[in-house]
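Enquirer: Starting off with a structure, shown below.
Any read-out appearing in this document is the output of simple, stated calculations on the displayed coordinates, not a laboratory observation. Since the model is a prediction, treat every value here as computed from it, not as a measurement. Cβ placement follows ideal geometry from the backbone for every residue including glycine, while neighbour counts extend to all protein chains displayed.
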Amino acid sequence: MSEVKLVATTRSEFGKGAARRLRRAGQIPGVLYGHGSDPLHVALPGHDTMLAVKHANALFAIELDGKTTLAITKDVQRDVVKNTIEHVDLLIVKKGEKVSVDVPVTIVGESAPGTIHVVETQTLSLEAEATHLPTEVQVDIEGLEGGSSVSAGAITLPEGSLLLSDPDLTVVSVSVPHASAEDVAADEAAAEIAASQSAASAAAAESEA
């Protein structure tokens, strides 16, 4: 994903009341830190920031006081009821620098017919170049049979990435679903009804012959 440019302003007011006023004005409070610099409290454009953080590991180009700083999100605080962003923590990064990030798992392909798959691990921790962070880790399950599983160490990682998660960690498991006792009883009852109806139809046909 290319850089997301955001024009920020310095915040001079703090506290819940100041944060609420910012959000009412269509902005999101945030903090920019890293590389030994003092934390910078900023106000970010609400709509553009909300769209950008939907993408995993988006790279931001923060314009502040005539200077552009590269950063990635380290934490996004949300109001789960209102589905709004409350605060964003941004980590300053440099080109060529390696950082650790959590990358979401995406399933590709389909397991063998009659099986189901379960994603046991939703994200993997990777080390990657700060300005080329992966947005997903694809896990291919094409044709996998029941009883199979895919561990973190068996996955082909995005180019330039290093796995930090436990390589033995199960990411996806494939199984054959087993019918419950109620389902089996229902199927047997349906089969008996069908058989009795078929026998009754055959008897009626003979009587009319």
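Enquirer: Between rounded, prolate and oblate, where does the chain land on the alpha carbon gyration tensor, with a ≥ b ≥ c its root eigenvalues, rounded for a/c under 1.5, else prolate if a/b exceeds b/c? Write down the numbers at each step before the final one.
Expert: Numbers: a/c = 4.18, a/b = 2.26, b/c = 1.85.
Because a/c hits 1.5 or more and a/b exceeds b/c, the chain counts as prolate.
Enquirer: Tell me the angle of helix 181-208 to the major Cα principal axis of the chain, expressed in degrees between 0 and 90 and rounded to the nearest ten.
Expert: So the inclination is approximately 40 degrees.
Enquirer: If the only charges are +1 at each Lys and Arg Cβ and -1 at each Asp and Glu Cβ, what is the size of the charge dipole of the stretch 4-93 around the Cα centre, to the nearest 20 debye?
Expert: Details: 12 positive and 9 negative charges, 70 e Å.
It works out to roughly 340 debye.
Enquirer: Further, regarding this structure: Positive end of the charge dipole of the chain (Lys, Arg +1 and Asp, Glu -1 on Cβ, about the Cα centre): tell me which of SER151, THR121, VAL7 has its Cα farthest that way.
Expert: Of the candidates, VAL7 comes out farthest on the positive side.
Enquirer: Here's a follow-up. Which one, SER175, HIS41, THR84, is farthest towards the positive end of the dipole of the chain when Lys and Arg carry +1 and Asp and Glu -1 on their Cβ?
Expert: Highest projection toward the positive end goes to HIS41.
Enquirer: Just tell me which lysines come within less than 22 Å, Cα to Cα, of LYS16; anything on the same chain fewer than 8 places away is out.
Expert: LYS74, LYS82
Enquirer: What value, in deg cm²/dmol to 500, does the helix sum -39500 (n - 2.57) over DSSP H runs of n ≥ 4 give at 222 nm once divided by the residues of the chain?
Expert: Calculated from helices alone, the mean residue ellipticity at 222 nm is -7000 deg cm²/dmol.
Enquirer: So, one more: Nothing charged except the Cβ atoms of Lys and Arg (+1) and of Asp and Glu (-1): what's the magnitude of the dipole of the chain about its Cα centre? Round to the nearest 20 debye. Numbers along the way, then the final one.
Expert: Working: 15 positive and 30 negative charges, 425 e Å.
Computed about the Cα centre, the dipole is about 2040 debye.
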